Every structure is written in structure tokens, then in C-alpha cells.
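Read through the structure below, which is laid out as C-alpha cells, and then see the notes.
The values are calculated or read from the model by the stated rules, or taken from the named source; none is laboratory data. Just so we're clear, the structure is a prediction, and the values are computed from it rather than from any experiment. Ideal geometry is used to build each Cβ from the backbone, glycine not excepted, and the neighbour counts take in all protein chains shown. Ligands, DNA and RNA are excluded from the accessible area calculation, which covers all protein heavy atoms including side chains. Shrake-Rupley method; radii C 1.70, N 1.55, O 1.52, S 1.80 Å.
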Amino acid sequence: MTAPSGHRAAIQARPGTAAAVLDVVIPVYNEETDLGPCVRRLHAHLSEHFPYPFQITIADNASVDDTLKVADGLAGELSGVEVLHLDAKGRGRALSAAWTASSAPVLAYMDVDLSTDLAALLPLVAPLISGHSDLAIGTRLARTSRVVRGTKREIISRAYNLLLRGALFARFSDAQCGFKAIRADVAGELLPLVRDTGWFFDTELLVLAQRTGLRIHEVPVDWVDDPDSRVDIVAAALADLRGMGRLGRALLTGALPVAELRAQLGRAPLTAPPARVPVGLPRQLARFAAVGVASTLAYLLLFVATRGTLGAQPANLLALLVTAVANTAANRRLTFGITGRRHAGRHHAQGLLAFALGLALTSGALAMLHVAVAAPTRTVELVVLVAANLAATVLRFVLLRLGMHHRRT
């Protein structure tokens, strides 16, 4: 297996050679009519828009019509088109065989109907070429995806992916979209462990990749359903359910070497986590002041906006409460370098204590002003409140620093 690594090396196109960087596999079964237009369209798109050498592999799944003859004709007509013939059916079997035999460092596949807009192909594989990600999938379930398909398929797809999240704790959004890519070094480690040879192949590969700690990149796609699709939805759904049960048992019983794979393939944790607190009091004061200025402006805007409706004291209470919560959260992260939920409740309780003291200072200042002056102007009120808030800010900094200060480890 490969050595542990926090990142993958970027793939470079070698000068002076036409070795393919990307191999796009098209698995087909009895597609003599659609295969030619599909491959020519894909070849033209890659020739015009893909900046690296490429290869297209037609993986014939034991077709009984003239699909293999059409594929051989395309290989003779177009440069970079190869044909792989299998004597047994199964999309997963075809993909596994084609990817294993390929010498390209990035491997992809798409359905022959080209339901996915080809403009998404470069965004799909670019993170794999750069080393940023290990696998990539097109997703039809992202908010920015544009999808045209029937209600029945939409419901089945969403139900299946929800079931994956509940049963196998999948975090990827769309397991079934026929538009995926993988780095060859990762495929070499995972493919021997994938048992399914049919439609569950994709899901099994993705679940293994997730459990192994690999990074899965998702690309929202534009997708138009092929009305002539020959997929038996009921049979495919039953096969997927059986596959989920088998994979779930393998994960629970430890039949799959997930821990070993994670140690070998997973991305290492960052070696130098940032300090939890900015070094030195001056930097803390500077950041606290910046947060304080923003909070004060927000406070004054809220006070002025609600003063006419609520009155001075209720407006002061509302404005101070809203900005106090936001102020505590901002100082917790920006001033004192604390992230995550650990002790968050305690820190906000300390912030509310500071809020109560600030409320006492500002409310007391307002009360004294109205005792001294029968009808003070808004400008005078704001001046008094700013002065009281400055005193409250100093008090807030002392309290928050005492409660949130963590020394560098």
C-alpha cells in the first residue's frame, strides 16, 4: 500500500509525450445506436477544452448487437479511443477492468447517454490532477444543480441517498450519478476490496473511500434524464439494498481493513494547529477593539432604530442583548483564538454576565441623565451611552480574558 501522506502530489503532463493524463471510460451494453454520437461529442469536447492528453475507453459489457463493431470503428476513426471487450455483463465489472488496465493517473467514467453537461468534466477532474482531492463525483442534488427528470426517478434517487446517510453514515450527496472520477493510485488500493460488479459498485467504492479518510470532491451538475434509459429501476434498487446490507455487515464485523487503509491512505491531520490565543496582550487588545467598534456601531444602529417605538430603556436593553451575544462569539474566535463547542456555554454565560454589568452601567447612565435633564436630545443620549459603553467594554475585556485565556501549548 502507499505510504501515509497529508496530501497527494499534483499530476504533471510530461513534456514531449502524449501519455494520457485522463482516461474516460464509457461502459456500454447494446448501445450500437447511441455510442457513435456520444463518443464523437465527448472527443470533440475534450480536444477543444481539456488541457492535457486524454484517452477514451469504450468498455463493452458483452453486447449482443453491433456495439463492439461500432466501438472498433470509432477507435480507428478517432485518436485516443480504445476498446475493451468483456464477456460478462455488469457496469461495475467493466469499470473495474478498464480502470485497472489503464495507465492514466486520473480515471473517470460517464454514461453513454451523456446526461451530464460536459462542461462539468474539467471541474470534476481538476482537483484530482492538482492533488487536492482523491475522488470526485457529480451531484444532481446540490442546490445549484439543474436537473430535468421524472418525479419517480427523483423520489427514488433522493430516498436512496437518504437511506445511505442513515444506514451507512454516508456524507456524499449523490451516489448514483453516472459521472465520477478517481486518482489511479487510490483506485489501485480500493478496487480489490470492492465486491459488487453491478450498479452498487459506485456506492461501495465511495463508502470505502469515505471510511478510509479520503477526500471526495463534489461538483454540481446540469443533468437531463434519458427517456430511453434501459435500467430496470426495481431490480437495481433491490440489488442496491442487498449491497448495502452486505457492506454494512462487512464494516460492522471488521471484514474490511478500514483502520489499516485509513492509516495507509487517509490524509494526515495538520501538523501545526494554530495557537488558540494570539500571542501577547497588545494583539488581543487590538482585535478586541476592532470587535468592540463593530459591536458599538451595531448597538447604536439598533438603539436608534428602536428608540422611537420602544422608548429609551427597552431599546437599550434590546440593542445591548443582541450585540452582546454576537460580541462574545466574535471575541471567542477572533480575539482569544477559541474554536469548537468546548466550553462554549460557559463562555457565553460569562458574556451574559458582562452584558448584565454593561446593562447596569448604560441603564444607570441613562437614568441619571434623565434625572439631570428633563428632555435630553438624542445626541446627548448617544454621547452618554457611548461613554458608558466604553466603561462596559473595558470591564467586558477583563472578564472575557479571565474566562477564555488559554496559554499556548
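Given the criteria among the polar types (S, T, N, Q), more than 25 Å from GLN55 (Cβ to Cβ) and at pLDDT below 95, does THR144 qualify? Spell out the reasoning first.
Details: among the polar types (S, T, N, Q): yes; more than 25 Å from GLN55 (Cβ to Cβ): yes; at pLDDT below 95: yes.
In short, yes.
Could you tell me which residue of the stretch 261-272 is modelled with the highest pLDDT, considering only residues that are of a type outside the set (A, V, I, L, M) and open to solvent by 100 Å² or more (accessible area, probe 1.4 Å)?
My answer is ARG262.
Yes or no: the stretch 200-220 includes at least one residue that is farther than 25 Å from LEU265 by Cβ, more than 14 Å from the chain's Cα centre (by Cα) and surrounded by 16 or more Cβ atoms within 10 Å (Cβ to Cβ).
No, that holds for no residue.
Need pairs with beta-carbon distance below 9 Å; first residue closer than 15 Å to THR139 by Cβ and within the stretch 112-125, second charged (D, E, K, R) and buried (at least 21 other Cβ atoms within 10 Å of the Cβ); sequence gap 6+ or separate chains.
Within 9 Å, the pairs are THR116/ARG140; LEU124/LYS180.
In a loop (DSSP other than H, G, I, E, B), more than 21 Å from ALA235 (Cβ to Cβ), aromatic (Phe, Trp, Tyr) and modelled with pLDDT of 95 or more - does that describe any residue in the stretch 40-50?
Within the stretch 40-50, one or more residues are in a loop (DSSP other than H, G, I, E, B), more than 21 Å from ALA235 (Cβ to Cβ), aromatic (Phe, Trp, Tyr) and modelled with pLDDT of 95 or more.
Is it fair to say THR197 is open to solvent by 30 Å² or more (accessible area, probe 1.4 Å) and within 28 Å of ALA88 (Cβ to Cβ)?
Yes: the conditions hold for THR197.
Check the stretch 273-283 and report whether any residue there is among the β-branched types (Val, Ile, Thr) and modelled with pLDDT under 70.
Taking every residue of the stretch 273-283 in turn, at least one turns out to be among the β-branched types (Val, Ile, Thr) and modelled with pLDDT under 70.
Pull up the stretch 221-243, narrow it to residues that are farther than 25 Å from SER133 by Cα and open to solvent by less than 30 Å² (accessible area, probe 1.4 Å), then point me to the one that is modelled with the highest pLDDT.
Start the filter on the stretch 221-243 by keeping residues that are farther than 25 Å from SER133 by Cα, which leaves 224-243.
If we keep only those that are open to solvent by less than 30 Å² (accessible area, probe 1.4 Å) as well, we get 236, 240, 243.
Values: ALA236: 75, ASP240: 85, GLY243: 90.
Among those residues, the one meeting the criterion is GLY243.
What are the pairs, 6+ residues apart or on separate chains, where a residue within the stretch 184-203 that is touching a residue at least 24 places away in the same chain (Cβ under 8 Å) and farther than 25 Å from ILE11 by Cα has its Cβ under 7 Å from a residue that is of a type in the set (Ser, Thr, Tyr) and open to solvent by 10 Å² or more (accessible area, probe 1.4 Å)?
So the pair list comes out as VAL194/SER96.
In the stretch 153-178, what residues are open to solvent by 20 Å² or more (accessible area, probe 1.4 Å) and within 16 Å of the chain's Cα centre (by Cα)?
Answer for the stretch 153-178, where residues must be open to solvent by 20 Å² or more (accessible area, probe 1.4 Å) and within 16 Å of the chain's Cα centre (by Cα): ARG165, PHE169, ARG171, SER173.
Do we find a residue being at pLDDT 80 or above and basic (Lys, Arg) anywhere in the stretch 344-362?
no
May I ask you to list the residues in the stretch 104-124 that are modelled with pLDDT under 95 and not hydrophobic (A, V, I, L, M, F, W, C)?
ASP111, ASP113, SER115, THR116, ASP117
Determine which single condition GLY248 fails, assuming it passes every other condition in (1) more than 17 Å from THR139 (Cβ to Cβ); (2) in a loop (DSSP other than H, G, I, E, B).
(2)
Residues that are in a helix (DSSP H, G or I), among the hydroxyl-bearing types (Ser, Thr, Tyr) and more than 18 Å from VAL24 (Cα to Cα): does the stretch 161-184 have at least one?
no
Restricting to helices (runs of 4 or more DSSP H) lying wholly in the stretch 62-152: which have 2 or more residues that are open to solvent by 10 Å² or more (accessible area, probe 1.4 Å) and touching a His at 6+ places or on another chain (Cβ under 7 Å)?
121-130
Which pairs have Cβ atoms under 7 Å, sit 6 or more apart or on different chains, and link a residue in the stretch 47-61 that is within 13 Å of TYR109 (Cα to Cα) to one that is of a type in the set (Lys, Arg) and crowded, with 16+ Cβ neighbours inside 10 Å?
Sorted first by the residue in the stretch 47-61, then by its partner, the list stays empty.
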